[in-house]
Amino acid sequence: GARVAVGTVGLGAHGFSGRLAGVCHMIQHGLSLALAFHGSVYNAFEVLPAEEQTSNPCQGLLRLYMQEGIGFIQRLRGEFACALWDANQETLYLATDPFRVHPLFYYQDQHKLVFASRMRALLACPLPVQCTINPEAIADVLVRSAIPTPKTIFREVKKLPPGHILR
């Protein structure tokens, strides 16, 4: 997988054949911008310049952010989970597509925010992550055969709803 560390922020993406997965980094006004993306963008031909559609689509998405702000996410058609760090605004964005084909789990305490598209990846974080079973979630599985968003099996871990951006 690809990784980038920018100050206290680390982003990574694990590649899968047939999907766009990558990490890119740029400097704007002397400060870092970084993007981790996993999924597919079906309208890349509409939103990205021709040379970036195949050579470096993650870089193209980061350029879109530089031009339009985080609203560029609304223009993407596809299935994806992404994270974008903007050191200029000291802001981290997490986003999912409108159908949330790829989930995005997150954990936050007083010292850190940890996120991943797989629960196993979130739990593999080298920083301490406190997770306790959520009895409500067990009842949800028994009654509904599913745990409704934003809940997960752990009290401390939430799931980003479809088509949402967490800032």
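Some values worked out for this structure:
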{"read-out": "On Cα atoms only, tilt of 57-68 relative to the major axis of the chain in degrees", "value": "80"}
{"read-out": "Longest segment of the chain lacking chymotrypsin sites (Phe, Trp or Tyr not before Pro) that sit in a DSSP loop with at most 13 other Cβ atoms within 10 Å", "value": "100-167"}
{"read-out": "Relative contact order [Cα under 8 Å, 6+ residues apart], the range 98-167, whole percent", "value": "35"}
{"read-out": "Angle between the chain longest axis and helix 135-144 axis [Cα atoms, degrees, rounded to 10]", "value": "90"}
{"read-out": "Percent of Cα pairs exceeding the 13 Å cut-off, where the set is the range 110-161", "value": "60"}
{"read-out": "Within the accessible area of the chain (1.4 Å probe), percent carbon and sulfur", "value": "54"}
{"read-out": "Charge tally in the Cβ shell below 15 Å around VAL101, where Lys, Arg are +1 and Asp, Glu are -1, VAL101 excluded", "value": "+3"}
{"read-out": "The range 97-106 - phi-based ³J(HN,Hα) in whole Hz, Karplus 6.51/-1.76/1.60, Gly and Pro as x", "value": "6, x, 9, 6, 4, 9, x, 9, 9, 9"}
{"read-out": "Kirkwood Rh in Å, taken over the range 1-92 so that all alpha-carbon pairs contribute", "value": "13.2"}
{"read-out": "Given the chain, longest segment not containing exposed loop GluC sites (Glu not before Pro) (DSSP; at most 16 other Cβ within 10 Å)", "value": "1-89"}
{"read-out": "Cleavage-rule hits (trypsin sites (Lys or Arg not before Pro)) in the range 42-144: DSSP loop, at most 15 neighbouring Cβ within 10 angstrom", "value": "ARG77, LYS112, ARG118"}
{"read-out": "Range of Cα positions in the chain per principal axis (Å), largest first", "value": "50, 32, 27"}
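The values are calculated or read from the model by the stated rules, or taken from the named source; none is laboratory data. Note that the structure is predicted; figures quoted are calculated from it, not measured. Backbone-built Cβ (ideal geometry, glycine too); neighbour counts: all protein chains shown. Surface areas here come from the heavy atoms of the whole protein model, side chains and all, with no ligands, DNA or RNA. Shrake-Rupley method; radii C 1.70, N 1.55, O 1.52, S 1.80 Å.
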